Every structure is written in structure tokens, then in C-alpha cells.
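Asks: Handing you a structure now.
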């Protein structure tokens, strides 16, 4: 069996022979030099440790002391306007309406003539009563003359004592008859006066319920025909219902001998509470079905702009002027059920302080407790600050703005809003 001999490359053979002819020292150097280079590179790489990461700088925040202002707190109510007086105009005597002396819906003054009822029957009755009074006066004069003559004859015993007593009784009867006749004259005169129906109060009159030519019934109370109605609008009332909690709060805040609480009212198309008044009446009991109590405020309305039935938002002063701490609403955070404010101490360390909040005034939230006027409150950058961390504070300033009032921070019956006290 033939053996196949590998063919050696003529190019590789001299290289191998040359390597074999090198001395052992040179061969070792050729092998060790690359290994040393690799080791040196590894040593260099291993000796270079990664740079330690630099600590982040403290967060930049803006701090300011709470704004201290005297505020007047208010509670919010909803109600409607009502006339301070309402009168139904009814005739006191029956008859035909002969004249109407006003325009529907105008402002009338007290004593102004409104309706005229035909006075002729009553004038005739008055004339008859006066004639009867004259007859009674004549009878009294005759009775007094007879008594005078009899009195002079008593000394001569020309008349008896019984006759004198009889004449004296006739005088007294004539006096009574004259008094009755005079009273009838006054009644008939009143009937004539009642034919002119006049306004008992000043205010805005409604439309007429009857026209001229109609017969109307007269009488006392509700027996007469309703001719029209008048609402007294200056002053005007504002009626509202308040909850039991607000009632208790108001009662506890009321000082003995204090003036009635001030109220301010805003109409539907207004942005400010421009109508000023005072609390006038509080009912003597709460409605057991609704748990509310009825209240009433009184306001001046010289231009008769306010009208009964008009809707309004009222705020009632919850107390007098008191100093308060104000911070921006954005500086307040929520920690579960608590409200907190982040502050910075003298070492520029952040701390969280629980606070009790009040209403919003001019865009700032009233802080009832939890802060002092010397605290440095974080007003900008609070999202970058953590309690216990260091910060880089920058001085800022809290200023009031004419911002819309926010809803109360808690559900308890706190003041709905507040204003900077003058």
C-alpha cells in the first residue's frame, strides 16, 4: 500500500529553519515581549479606576415670610330679596270706581291718590247726619233753657223737685243725642274720605286689578275688593336660610352688645359684593325637617334697583378684624389627610409643617395655625424640595392679587371667603 507524503511548502520551510537556528534566549524574547505588552496594557487599564460621580447641587427655591394682614372673614349664604312691607289696597266703602290716578308699576308716595269711588251717595248721607246733629243741638238748647227756668223757680217753690229732676234728665238725654248725632257725622265724613283711596306706604305699585266703571265691595279686613298692591322697597329685605353649624358658629362669635353683623350681597351678573347691609332678624327656632334657620338682612335701596324675588349671594361677617398669615395657594401641599407647607430653617434645610387653612383672600390662602410670621415658606420650587434635604434659597416676596376666591380648603363650616380689612 503506497504512503502519501505531504508536500512541504518551499516558502514556509526557510522560516522554520531560521527560527530553529535562533538561540534559545532570542526565541524566549520573541515570545515574552508580546506577553509583556499585553500585561502592561492590562495593568494600565486595571490601574485606572472610574471617576466617582459628583453630588448634585442643592435645589434652587424661592422663600418668603408669610404676608401679615388684617382680614375680615365672611360666611356665604344664598337667598332672595323681599319687600320690607307689602300692602293690599282694598276700598273701605262700596261703590263705583270713577277714577284711577296712577300708572301701573310706578313709584308712589305715601298719601298719594290712587283710586276715586263715586262720593255722591256718601256726601248725601253726610249732609243728612249733619242735619240730625243740628236738630239734636237744638233739642239740647231747649232742654237746657227749660231746666234753667225751673231752677230759678225752686226758691219760690213754684215747681216741684220731681219736675226739676225730669228736666235735668231731658238735658242729659239731649246731650247724649247730640253726641250720637256728631258721631254719625264723623262716620259719614269718613265714608266720604274713604271714597278717595290713597297709598298707605311709599313704594312700587303693581298693576290695577279693576278699571274705572266697575263696582267694588268695601269693608274691613279681607272683605273688600283688591284694587292693587304696593311693595315698600327702601329699605328692602334679603331672606336666607343658614345651616345649624353656621348658626352655632355665628352665635359663638357674637360679642355681647355688638352691633348687628354686616352683610354684603352680590347679584347674578356682578363680580363684586357691592350691596351693603346688616343682619336684621334671626328666627326663634330651626326647621327640624331641614336643619336650617331663617335669617333676614336689611339694605338701603334708594334707587329701587333691587326688586323682590331677585336672587343673590350674600356673605355675612363671621367676626371682626383679625390679623392673619397669608401664603400662596400653590405653596400648600397635601400629605394624606393633612395640609402641609414646606419651610426652610437657618441651616437651609427643608422641613414640612402641618397647617390649618382658612379661606382665600385676594389669591392668598389664610393659614389659621401651624406657621409664624418669621417662617421662611417655599413659594417657588417646592416640587424639587424634599423634607430633610438642603436647598439653595433665594429671597422672594408674597403679594396679594385680585384673584377669584377658591373654595374652602376643608369641609367644615369655615368662612367662605375673606377681605383685607381697611
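What follows draws every value from the coordinates through simple rules; no lab data is involved. Just so you know, these numbers come straight off a predicted model, no measurement behind them. Because the Cβ atoms are built from the backbone with ideal geometry, glycine has one as well, and the counts that use them run over all protein chains shown.
Asks: If you stretched the chain out fully between residue 166 and residue 110, how much longer would it get, using 0.36 nm times the residue separation minus the C-alpha to C-alpha distance? Before the final figure, lay out the partial values.
Replies: On the way: separation 56, 0.36 × 56 = 20.16 nm, distance 5.29 nm.
Extra length available between residue 166 and residue 110 comes to 14.9 nm.
Asks: For residue 85 and residue 255, what does the FRET efficiency come to when R0 = 22 Å and r is the distance between their Cβ atoms, rounded to the nearest 0.05? Present the calculation step by step, with values, prior to reporting the outcome.
Replies: Values: r = 31 Å, r/R0 = 1.41.
Computed FRET efficiency for residue 85 and residue 255 comes out at 0.10.
Asks: According to a simple spin-label model (label point 7 Å from Cα along Cα-to-Cβ), what is the distance in nm between residue 401 and residue 149?
Replies: About 10.8 nm separates the two model spin labels.
Asks: OK, next. What Kirkwood Rh does the range 120-194 have if only Cα atoms enter the pairwise 1/r average? Answer in Å. Don't skip to the end; give the middle numbers.
Replies: Details: mean 1/r = 0.0730 Å⁻¹.
Hydrodynamic radius (Kirkwood, Cα pairs) of the range 120-194 is 13.7 Å.
Asks: For a paramagnetic label modelled at 7 Å from the Cα of residue 244 toward its Cβ, which residues of the range 265-307 fall within the zone defined by backbone nitrogen distances under 14 Å?
Replies: Once the point is set 7 Å along Cα→Cβ of residue 244, 285-294 turn out to lie under 14 Å by backbone N, inside the range 265-307.
Asks: How do the peptides 354-363, 218-227 rank, highest first, by the average count of neighbouring beta carbon atoms within 10 Å per residue? Don't skip to the answer; put the middle values down first.
Replies: On the way: 354-363: 20.2, 218-227: 13.5.
Sorting 354-363, 218-227 by mean packing, highest first, produces 354-363, 218-227.
Asks: I'd like the FRET efficiency for residue 134 and residue 300, computed as 1/(1 + (r/R0)^6) with the beta carbon distance as r and R0 of 51 Å, rounded to 0.05.
Replies: On the way: r = 53 Å, r/R0 = 1.05.
After rounding to 0.05, the efficiency reads 0.45.
Asks: Oh, and also: For the range 261-345, calculate the relative contact order in percent as a whole number, restricting contacts to Cα pairs under 8 Å that are 6 or more residues apart. Spell out each step's value before the answer.
Replies: Values: 94 pairs, mean separation 23.4, N = 85.
Rounded, it is 28 percent for the range 261-345.
Asks: Provide, as a two-decimal number, the C-alpha radius of gyration of the range 123-265 over 2.2 N^0.38 Å, N being how many residues it has. Before the final figure, lay out each step's value.
Replies: Working: Rg = 30.7 Å, N = 143, 2.2 N^0.38 = 14.5 Å.
That works out to 2.12 for the range 123-265.
Asks: For residue 215 paired with residue 336, estimate the spin-label separation in nm (one decimal), with each label point 7 Å from Cα along the Cα-to-Cβ line.
Replies: 8.5 nm
Asks: Order these by the 10 Å Cβ neighbour count, fewest first: 77, 247. Show your work: numbers first, answer last.
Replies: Values: 77 22, 247 18.
Result, fewest neighbours first: 247, 77.
Asks: Which of 307, 229 has the fewest other C-beta atoms within 10 Å, and how do the rest follow up to the most? Don't skip to the end; give the middle numbers.
Replies: Values: 307 13, 229 16.
In increasing order of surrounding Cβ atoms, one gets 307, 229.
Asks: May I ask you to derive the FRET efficiency for residue 118 and residue 288 from their Cβ-Cβ distance with R0 = 56 Å, giving the value to the nearest 0.05? Don't skip to the end; give the middle numbers.
Replies: On the way: r = 53 Å, r/R0 = 0.95.
After rounding, the FRET efficiency stands at 0.55.
Asks: Follow-up question, since we're still on this one. Expressed as cubic angstrom per residue, what is the convex hull volume of the alpha carbon set of the range 285-392? Numbers along the way, then the final one.
Replies: Values: hull volume 21.2 nm³, N = 108.
Once divided by residue count, the hull of the range 285-392 is 197 Å³.
Asks: Right, something else. If I model a spin label as a point 7 Å beyond the Cα along the Cα-Cβ vector, how far apart are those points for residue 278 and residue 78 in nm?
Replies: Going by the 7 Å Cα→Cβ label model, 2.9 nm.
Asks: How would 197, 171 line up from fewest to most surrounding beta-carbon atoms within 10 angstrom? Can you show the working numbers first?
Replies: Working: 197 24, 171 19.
The order, fewest Cβ neighbours first, is 171, 197.
Asks: Can you tell me the length gained on complete extension of the stretch residue 266 to residue 421, counting 0.36 nm per residue apart and subtracting the Cα distance? Walk me through the numbers before you get to the answer.
Replies: Working: separation 155, 0.36 × 155 = 55.80 nm, distance 1.86 nm.
Residue separation times 0.36 nm, minus the Cα-Cα distance, leaves 53.9 nm.
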